[in-house]
Each structure stands twice: as C-alpha cells, then as structure tokens.
Amino acid sequence: SDLVVLDSGQPGQFEEFGNVRGRYLCLDVRKAPFFDESGRLIGTVGCARDITQEKRTEQALKDSEAKTRSYLQHAPYGVFITDLAGRYLEVNPAAGRITGYSDAELLYMSILDLLPSESREQGSRHFARLIQHGSSYGEMNFKTKVGEIRWWSVSAQKISEDRFIGFCEDVTERRQAEAAMQASQSRYRALVEQS
C-alpha cells in the first residue's frame, strides 16, 4: 500500500492482512502521501482499523446464503419469490419443472400469468390474504406453458415488507383420485337407493 500511494501521489484505502501477536487480523488501512515543507514526497501517513470480526461476519452471511440457495435449488417443491405486485423475482428449478417454463421466462411473469381466467379471482384473494396476514394456503388451478390446466397447493409466507415466498406442489393426481372416489361413492349410493 505504501508503494501504491508513493507511486500515485494520491491517498488510498486498502485491505491488509497480518498476524499480530499470533492473532490473524484483517485491517482497513487508509494512507495518504506525506510531503515535506518544499512539497517533496517523503513518505506516507495512515491509520488502520481492525475489521477482522466484520469480515468473519460477512463470510458467515455469505456461507449461510449459499446454503439457503442450495436448499432452495434442490427443494422438491416449486419455490417462487415475489414482490408486492406478485411479480416473480426468484424461482427454483422445481418451479420450472411444475410449470414447464424456464427460469428466465418465469422471471418475466407474475402470479396471475400462471392462473387460468377462472382461477384469477381466487389467486388474487390468496395473495391479498398473504399481504394482510403474512401467510396463506390454498389449492387452485394453474396453467402450464403448454396450456394444460392442473392443480397445485400453494403455501406462502411474507419474508420482508415487500417480499413473499411461495412453496408450490402439483396435486393434480391427488385431486383426480379424490374426484374419482367421490364419483364412485355417488354411483354406489345411487345404486343402493334404487334397490
């Protein structure tokens, strides 16, 4: 850092690492050129601040964010992070597998873009509940990229004043099985009543 300041004749700010009395330190060093009375550059003057703990905290935060991102990337459920207007800000690979859209395509969309017209009012109510109460759960139709209408369950949480996270699971097969069972029970009841 001294050489940089001496070569440039300009003040500078540097991060320096060192071992002081057996303790590893990270320092925020600020140096400026030092001139004699005739204006000749004769050295540098500076000060240093120990930022070791700040750097450790910063690294721990980065590590935590990397872990969380890894968990979300490998989650079996579709994960959608939206803003206050319902626009998608982040999605995970499962979101793309469920909807048929790429990550890039989803990031140009909003919640209502994935809902067929008959489900938009229900989707809007679900999102309004989320904004008002901080969480919301529901099952509704959604539309895949190829236009197929399917069912998903959506469990959503507020994560900050203007960010929301939704966990989505395609429940179409379960809904179809339930509908088939109800139809079968209705037919059985009708047969019993006729006999």
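Over the range 10-164, with every protein chain in place, what whole percent of the accessible area is carbon and sulfur at 1.4 Å, could you tell me? Within the range 10-164, the accessible surface is 53 percent carbon and sulfur. Couplings for the range 99-106, taken from phi via the Karplus curve 6.51 cos²θ - 1.76 cosθ + 1.60 with θ = phi - 60°, read 8, x, 8, 6, 4, 4, 5, 4 Hz in order; Gly and Pro are left as x. Comparing Cα centroids, the range 134-172 and the range 8-30 end up 50 angstrom apart. Over the chain, the pair-distance histogram of Cα-Cα distances with 5 Å bins from zero comes to 1, 7, 10, 12, 10, 7, 6, 6, 7, 7, 6, 6, 4, 3, 2, 1, 1, 1, 1, 1, 0, 0, 0, 0 percent, rounded to whole numbers. Take Glu90: with every protein chain present and a 1.4 Å probe, its accessible area is about 70 Å². Here is the list for the range 17-64: GluC sites (Glu not before Pro) lying in DSSP coil, each with at most 16 other C-beta atoms within 10 angstrom of its C-beta, are Glu37. Report, in degrees rounded to the nearest 10, the 0 to 90 angle that the Cα long axis of helix 172-194 makes with the longest principal axis of the chain. Helix 172-194 sits at roughly 20 degrees to that axis.
Taken one residue at a time, the phi angles of the range 38-49 give Karplus couplings (6.51, -1.76, 1.60, θ = phi - 60°) of 8, x, 7, 5, 10, x, 10, 10, x, 9, 9, 10 Hz. Gly and Pro are set to x. The angle between the Cα long axis of helix 52-73 and the main principal axis of the chain comes to about 20°, on a 0 to 90 degree scale.
Can you give the longest run of the chain that contains no trypsin sites (Lys or Arg not before Pro) sitting in a DSSP loop with at most 14 other Cβ atoms inside 10 Å? The segment 41-144 is the longest one with no such site. Send over a whole-number figure in Å² for the accessible area per residue of the chain, probe 1.4 Å. Here the residues of the chain average 66 Å² of exposed surface.
GNM remark for the chain: springs join alpha carbons under 10 Å apart, and the peak mean-square fluctuation among Ser184, Ser70, Ser102 falls on Ser184. Taking Cα atoms only, the orientation of helix 120-133 departs from the longest principal axis of the chain by about 50 degrees.
The values are calculated or read from the model by the stated rules, or taken from the named source; none is laboratory data. A quick note: this is a predicted structure, and the numbers were derived from the prediction, not measured. In this analysis, Cβ positions are derived from the backbone assuming ideal geometry, glycine residues included, and neighbour counts consider all displayed protein chains. Please note that ligands, DNA and RNA were not included when accessible areas were found on the heavy atoms of the full protein model with its side chains. Shrake-Rupley method; radii C 1.70, N 1.55, O 1.52, S 1.80 Å.
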